[in-house]
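Asks: Dropping the structure in here first, questions after.
The values are calculated or read from the model by the stated rules, or taken from the named source; none is laboratory data. For clarity, every value in this text was computed on a predicted model and none was experimentally measured. Positions of Cβ are generated from backbone atoms using ideal geometry, with glycine treated the same way; all protein chains shown enter the neighbour counts. Please note that ligands, DNA and RNA were not included when accessible areas were found on the heavy atoms of the full protein model with its side chains. Shrake-Rupley method; radii C 1.70, N 1.55, O 1.52, S 1.80 Å.
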Amino acid sequence: MSKDYPVPAGFLERETEVKKSRFIARVVPVSSRDEVKAWLEQAHKDHPDARHICWAYQIGRPGAAAEAAMNDDGEPSGTAGKPILSVIQHKDMGDVLVMVIRYFGGIKLGAGGLVRAYAGATEAVLSAVDRVIQQPLSRVILTMTFADEQPLRHWCEQNSAQVDQVDYSARVTAEITLPVDRNSELCAFCDARGIDYSFES
């Protein structure tokens with residue numbers, strides 16, 4: 001599914017150190033609670049000796065997330081998950097999970113120190129990760145004569161549309177995907193050539 005808001009381009013990890021405690025922050029794009037669970041399981045496998053693996057995520061459009069959650073994983077309440085989520089929200093990014101893996105260095109940081117350390121680790125990884133914005137897409141089925149296929153392919157090349165599938169029988173049936181903002185241009189092109197089209201919902 002396409003999204004018209006920024007999401008992380010992929011997995012990234014950054015490490016910071018505060019008073020000998022190591023904070024390893026990981027960011028990853030997620031679109032469901034199952035994906036969050038799988039990434040958390042992977043973090044526990046990768047770092048079985050870590051003292052804490054704290055995390056927060058939000059799924060959906062920034063500012064109106066369909067779902068968000070956080071976890072302090074044994075740190076004092078409000079000192080880990082909440083600062084991670086606050087930085088995510090401040091960065092205006094959707095469909096994002098940040099996990100911060102902590103190896104205790106022997107020096108207690110106190111509540112304020114923990115908040116700053118978890119927020120700082122989250123800031124470091126979110127500032128470094130690339131963002132992608134995918135425009136909303138339409139899927140269209142077209143039926144045309146053989147003579148129309150080449151002009152259609154040419155139109156698609158010029159308009160950021162992709163030909164996904166073509167079937168040949170008495171007529172040519174093509175499935176294409178295109179940015180929603182090109183729908184009206186496609187309709188005009190098809191109407192001019194007598195091509196039948198239907199948009200899939």
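Yes or no, residue by residue, for (1) of a type in the set (D, E, K, R); (2) under 21 Å from ALA50 (Cα atoms); (3) surrounded by fewer than 20 Cβ atoms within 10 Å (Cβ to Cβ):
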residue	(1), (2), (3)
HIS90	no, no, yes
MET99	no, yes, no
PHE104	no, yes, yes
ARG139	yes, no, yes
GLN150	no, no, yes
ASN159	no, no, yes
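Asks: Just to be sure before I move on: is VAL163 in a strand (DSSP E or B) and on the phi < 0 side of the Ramachandran plot in the structure I sent?
Replies: Working: in a strand (DSSP E or B): yes; on the phi < 0 side of the Ramachandran plot: yes.
Yes, satisfied.
Asks: Still on this structure, please answer the following. Looking only at the stretch 54-65, decide whether some residue is modelled with pLDDT under 90 and among the basic types (Lys, Arg).
Replies: Within the stretch 54-65 (the criterion being modelled with pLDDT under 90 and among the basic types (Lys, Arg)), the answer is yes, since at least one residue qualifies.
Asks: Give all pairs with beta carbons closer than 7 Å in which a residue from the stretch 188-201 that is closer than 18 Å to ASN159 by Cα meets a residue that is open to solvent by 60 Å² or more (accessible area, probe 1.4 Å) and not in a helix (DSSP H, G or I); count only pairs at least 6 apart in sequence or on separate chains.
Replies: Hits for this filter: CYS190/TYR197.
Asks: Identify the residue in the stretch 34-63 that is in contact with a helix residue (DSSP H, G or I) (Cβ under 9 Å, 6 or more places away or on another chain) and part of a loop (DSSP other than H, G, I, E, B) and, among all such residues, is surrounded by the fewest Cβ atoms within 10 Å (Cβ to Cβ). First the steps, then the outcome.
Replies: Filtering the stretch 34-63 down to residues in contact with a helix residue (DSSP H, G or I) (Cβ under 9 Å, 6 or more places away or on another chain) leaves 50, 53-59, 62-63.
Right, trim to part of a loop (DSSP other than H, G, I, E, B) and you get 50, 62-63.
Working: ALA50: 18, PRO62: 18, GLY63: 10.
Top of the filtered list is GLY63.
Asks: Which one is farthest from TYR118 (Cα to Cα) among residues in the stretch 1-15 that are in a strand (DSSP E or B) and open to solvent by 20 Å² or more (accessible area, probe 1.4 Å)? Steps first, answer last, please.
Replies: Filtering the stretch 1-15 for residues in a strand (DSSP E or B) gives 7-8, 12-15.
When the remaining residues are screened for being open to solvent by 20 Å² or more (accessible area, probe 1.4 Å), the result is 12-15.
On the way: LEU12: 16, GLU13: 14, ARG14: 12, GLU15: 11 Å.
Of everything passing the filter in the stretch 1-15, LEU12 is farthest from TYR118 (Cα to Cα).
Asks: When the residues of the stretch 16-33 are narrowed to those that are closer than 21 Å to ALA128 by Cα and either without any contact (Cβ under 8 Å) to a residue 40 or more places away in the chain or under 13 Å from the mean Cα position of the chain (by Cα) (or both), which ends up most open to solvent (accessible area, probe 1.4 Å)?
Replies: SER31
Asks: Can I ask one more? Is it fair to say ASP95 is under 20 Å from the mean Cα position of the chain (by Cα), surrounded by 15 or more Cβ atoms within 10 Å (Cβ to Cβ) and of a type in the set (D, E, K, R)? Walk me through it before giving the result.
Replies: Numbers: under 20 Å from the mean Cα position of the chain (by Cα): yes; surrounded by 15 or more Cβ atoms within 10 Å (Cβ to Cβ): yes; of a type in the set (D, E, K, R): yes.
So ASP95 passes the test.
Asks: Would you mind finding the one in GLY112, GLY106, GLY94 that is in contact with a strand residue (DSSP E or B) (Cβ under 6 Å, 6 or more places away or on another chain) and of a type outside the set (Asp, Glu)?
Replies: GLY94
Asks: Still on this structure: Whether any residue in the stretch 69-82 is in contact with a strand residue (DSSP E or B) (Cβ under 8 Å, 6 or more places away or on another chain), in a helix (DSSP H, G or I) and either open to solvent by 60 Å² or more (accessible area, probe 1.4 Å) or in contact (Cβ under 8 Å) with a residue 24 or more places away in the chain (or both) is what I want to check.
Replies: As a first pass, look at the stretch 69-82 and keep what is in contact with a strand residue (DSSP E or B) (Cβ under 8 Å, 6 or more places away or on another chain): 69-75, 80-82.
Applying the additional criterion that residues be in a helix (DSSP H, G or I) yields 81-82.
From the residues that got through so far, the ones that are either open to solvent by 60 Å² or more (accessible area, probe 1.4 Å) or in contact (Cβ under 8 Å) with a residue 24 or more places away in the chain (or both) too are 81-82.
Yes, the stretch 69-82 has at least one match.
Asks: Which residues, taken from the stretch 166-201, are hydrophobic (A, V, I, L, M, F, W, C) and either assigned to a strand (DSSP E or B) or open to solvent by 80 Å² or more (accessible area, probe 1.4 Å) (or both)?
Replies: Taking the stretch 166-201 and keeping what is hydrophobic (A, V, I, L, M, F, W, C), we get 166, 170, 172, 174, 176, 178, 180, 186-190, 192, 195, 199.
Passing the criteria: VAL166, ALA170, VAL172, ALA174, ILE176, LEU178, ALA192, PHE199.
Asks: Same structure again: Quick one: count up the residues across the stretch 112-159 that are among the acidic types (Asp, Glu) and either within 16 Å of ILE176 (Cα to Cα) or in a strand (DSSP E or B) (or both). Don't jump to the end; show me each part of the working.
Replies: Quick first cut of the stretch 112-159, residues among the acidic types (Asp, Glu) only: 123, 130, 148-149, 157.
Retained after the next criterion (residues that are either within 16 Å of ILE176 (Cα to Cα) or in a strand (DSSP E or B) (or both)): 148-149, 157.
So the answer is 3.
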